[in-house]
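Here the structure comes first, spelled out in structure tokens, and everything after it is commentary.
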Amino acid sequence: MNFNRRQTLEGLKETQLWDIVIIGGGATGLGTAVDAATRGYKTLLVEKYDFAKGTSSKSTKLVHGGVRYLANGDLKLVYSALKERGLIFRNAPHVSFVQSFIIPCYSVVSKLKFLVGLKLYDWMAGKLRIGKSTLLSNQEVLHRLPRIKTKKLKGGVQYFDGQFDDARLAINLAQTAAESGASLINYANVIAIQKDDNGLVNGIQFIDTTNQQSYTVTTKVVINATGIFVDDILKLDTPSHKNLVRPSQGTHIVVDTQFLGNQDALMIPETSDGRVLFGVPWHEKVLLGTTDTPLDEHQIEPRPLEEEIEFILNTADQYLENAPKRSDVLSIFAGLRPLAAPTDSDGNSTKEISRDHKLIASPSKLITITGGKWTTYRKMGEETVNLAIRTAKLDPRECKTMHHPIFGFTHDKYPGHWQVYGTSYNSIQELMMSHPSLAEKIHPAYDYRKAEVVWACRHEMAVKIEDFLARRIRLLLLDAQASLIAAPIVAQIMATELGHDEAWIASELDEFRLLVKNYTF
């Protein structure tokens, strides 16, 4: 497997013609790369920032069919997502697991309504069902969610869905693609779409943003899988292109587990704006969210809005005793969903914007995939490669990802956050045993070790300290201030591993301190 950035860039000279070039290293682009590579196509993926830097590392961390979509009557999307949820559990058990959710009910009617809906949800999952929805008494609800408010409580409903570590799955997908022969490069900014004399797309030009070196590659087909940035790439193809995507911001806040209790998640089905809100245990913290705020512009690091933070805290206060306050928040983060918006949609609402994906072949034969959700990444990749095959007249080959294990696959259960490393766990432990100093923690309150920094540089294509602290581990999202304390240690180790000087360390730390301001009040 070649998952080394320097070697991959050097190897570009050896390939004169690629079968498939993918722009975008989020969930959809990485899923497409895995699909293409496992079919045997010569595949290249380039990502402007780090893998899953954008929306794909800032989800609600749920592998789910979408209870909300079921309520909206979108049965096709729910059915497809439930099937894909089951496949993620089968193919990537080291980064996904079953999570119990409790819906507290304050009327008998709502209790029965939710039970009927969730029984349908279970039934739609078929053989891939992961649990059985049941009614709970007041006592059972309080046992599972001891912080829930009891006034007028009429019991609740328990159902089961999935949870995962989104950024870790993204890295594992990149490694899976590389293991199958694909080449992947982060910090590769596409600046031009190349075309032949007939105006058909036949390549791209990109800049390695770590050293500003330019590369041009030729391919049979280009796939635009850039999430909220799909319109930027489409405008490289057709300058007069009108936007396909209307971004919607989802904000989350992270607090201590004391505000929820036990291992069960909270699902609030009817908030003041008619949406749902979750309180989910995650990496020994609790994640509260999300919002759904339509925006007119997109950026790689969106800032949570004040009204979103207040909405989450106020909603939590309606359901939880001694609910968290602003001073209790450890981190805040926002991601932008690439919603495929119809041209006649209400500009002030996201309710009529499709949660399903759109797949388009431009007249220039540029393939664009947009919309969708993390849970259905595999299916989107399959459909995208199928369209690429037809568009570029590639040699047809069957999809293999339905039963293809994701890199790190293991059913072994390791302690704490180590589970997400899967089969790499033992190698990291050996690294600490052979170099005892690498067993030292990077922060006294968290079980993250110096060896993990070394591992990320050598085996997971970490380029910046942000890559490690935000996505190879999740410390920035779990505790922003703690990540600031760990940053100098991480920077020093990365500089040694990657051959950088003190000036790089200083620059990286300045950049990271600025970034952390987006994750704090």
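The values are calculated or read from the model by the stated rules, or taken from the named source; none is laboratory data. If you're wondering where the values come from, they're calculated on a predicted model, not measured in any experiment. As a convention, Cβ positions derive from the backbone with ideal geometry for all residues, glycine included, and neighbour counts pool all protein chains shown. Remember, those area values only see protein heavy atoms, side chains included, never the ligands or the DNA or RNA. Shrake-Rupley method; radii C 1.70, N 1.55, O 1.52, S 1.80 Å.
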### Task
Take the Cα atoms of the stretch 440-506, find their three principal axes, and give me the spread along each one in whole Å, biggest first.
29, 24, 20
## Note on the structure
With x for Gly and Pro, the residue-by-residue ³J(HN,Hα) of the stretch 238-254, computed from phi through the Karplus equation 6.51 cos²θ - 1.76 cosθ + 1.60 at θ = phi - 60° and given in whole Hz, is 9, x, 8, 4, 9, 4, 8, 10, 10, x, 10, 8, x, 10, 10, 10, 10
### Task
Return, for the Cα atoms of the stretch 370-468, the radius of gyration and Dmax in Å, separated by a comma.
18.8, 56
### Query
Using every alpha carbon pair in the stretch 398-521, what percent of pairs falls into each 5 Å bin from 0 up to the bin containing the largest distance?
2, 10, 20, 21, 19, 12, 8, 5, 2, 1, 0
### Query
In deg cm²/dmol, rounded to 500, what helix-only [θ] at 222 nm does the chain give when every DSSP H run of at least 4 residues adds -39500 (n - 2.57) and the total is split over its residues?
-10500 deg cm²/dmol
### Summary
So, with points 7 Å from each Cα along the Cβ direction, the E284-N243 label distance in nm works out to 4.2 nm
### Query
Dividing the Cα radius of gyration by the Kirkwood radius, what Rg/Rh value follows for the stretch 1-129?
1.11
### Query
If you stretched the chain out fully between E10 and S100, how much longer would it get, using 0.36 nm times the residue separation minus the C-alpha to C-alpha distance?
27.7 nm
### Summary
Here the averaged projected area of the stretch 58-160, based on the convex hull of its alpha-carbon atoms and given in nm², is 7.3 nm²
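Pop out the Kirkwood hydrodynamic radius of the stretch 19-87 from its pairwise C-alpha distances, inverse of mean 1/r, in Å to one decimal.
Working: mean 1/r = 0.0726 Å⁻¹.
Every distinct Cα pair counted, the radius reaches 13.8 Å.
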### Query
For helix 502-516, what angle does its Cα long axis make with the longest principal axis of the chain, in degrees from 0 to 90 and rounded to 10?
40 degrees
### Task
Report the full-extension gain for the segment Q429 to L200: residue separation times 0.36 nm, less the Cα-Cα distance, to one decimal in nm.
77.4 nm
### Query
So what is the relative contact order for the chain, in percent, with contacts set as C-alpha pairs under 8 Å and at least six apart?
19 percent
### Percent RCO, i.e. relative contact order, over the stretch 174-260, from Cα pairs under 8 Å lying at least 6 residues apart
17 percent
## Note on the structure
Largest-first semi-axes in Å of the equivalent ellipsoid built from the Cα gyration tensor of the stretch 255-322 are 23, 15, 10
### Task
Using per-residue counts of other Cβ atoms within 10 Å, averaged over each peptide, order 154-164, 230-240 from highest down.
154-164, 230-240
### Task
Please report the relative contact order for the stretch 1-115, taking Cα pairs under 8 Å with a sequence separation of at least 6, and give it as a percent rounded to a whole number.
16 percent
## Note on the structure
Straight-line reach check, K517, cutoff 16 Å on alpha carbons, 8 or more apart in-chain or any other chain, hits among aspartates and glutamates -> E301, E306, E466, D479, E508
### Peptide ranges 97-110, 77-90, 390-403 listed from the most packed, as the mean C-beta count within 10 angstrom indicates
77-90, 97-110, 390-403
### Query
If all Cα-Cα distances of the stretch 218-306 are sorted into 5 Å bins from 0 onward, what percent lands in each bin, rounded to whole numbers?
3, 11, 16, 15, 14, 12, 10, 8, 6, 3, 1
### Task
With only Lys, Arg, Asp and Glu charged, each at its Cβ (+1 for the first two, -1 for the last two), find how big the charge dipole of the chain is about the Cα centre; round to the nearest 20 debye.
1700 debye
### Task
Stick to the Cα atoms of the chain, pair each with every other, and give me the Kirkwood hydrodynamic radius in Å at one decimal.
23.6 Å
### Summary
To the nearest 0.05, the calculated FRET efficiency linking D317 and K441 through their beta-carbon distance, R0 being 30 Å, is 0.30
### Task
Counting only heavy atoms of the protein chains, get the accessible area per residue of the stretch 94-161 (1.4 Å probe) and round it to a whole Å² value.
51 Å²
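Take each of the peptides 508-519, 482-493, average the number of other beta-carbon atoms within 10 Å over its residues, and list them starting from the highest. Can you show the working numbers first?
Numbers: 508-519: 16.2, 482-493: 21.5.
Ranking, from highest mean packing down: 482-493, 508-519.
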### Percent breakdown of C-alpha pair distances by 5 Å bin, ordered from the shortest bin, for the stretch 94-227
2, 8, 12, 11, 11, 9, 7, 6, 7, 9, 8, 6, 3, 1, 0
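What part of the accessible area of the stretch 32-165, given as a whole %, is carbon or sulfur when the probe is 1.4 angstrom?
Carbon with sulfur: 58 percent of the solvent-accessible area.
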### Estimated inter-spin distance, H143 and E511, nm [label 7 Å along Cα→Cβ]
5.2 nm
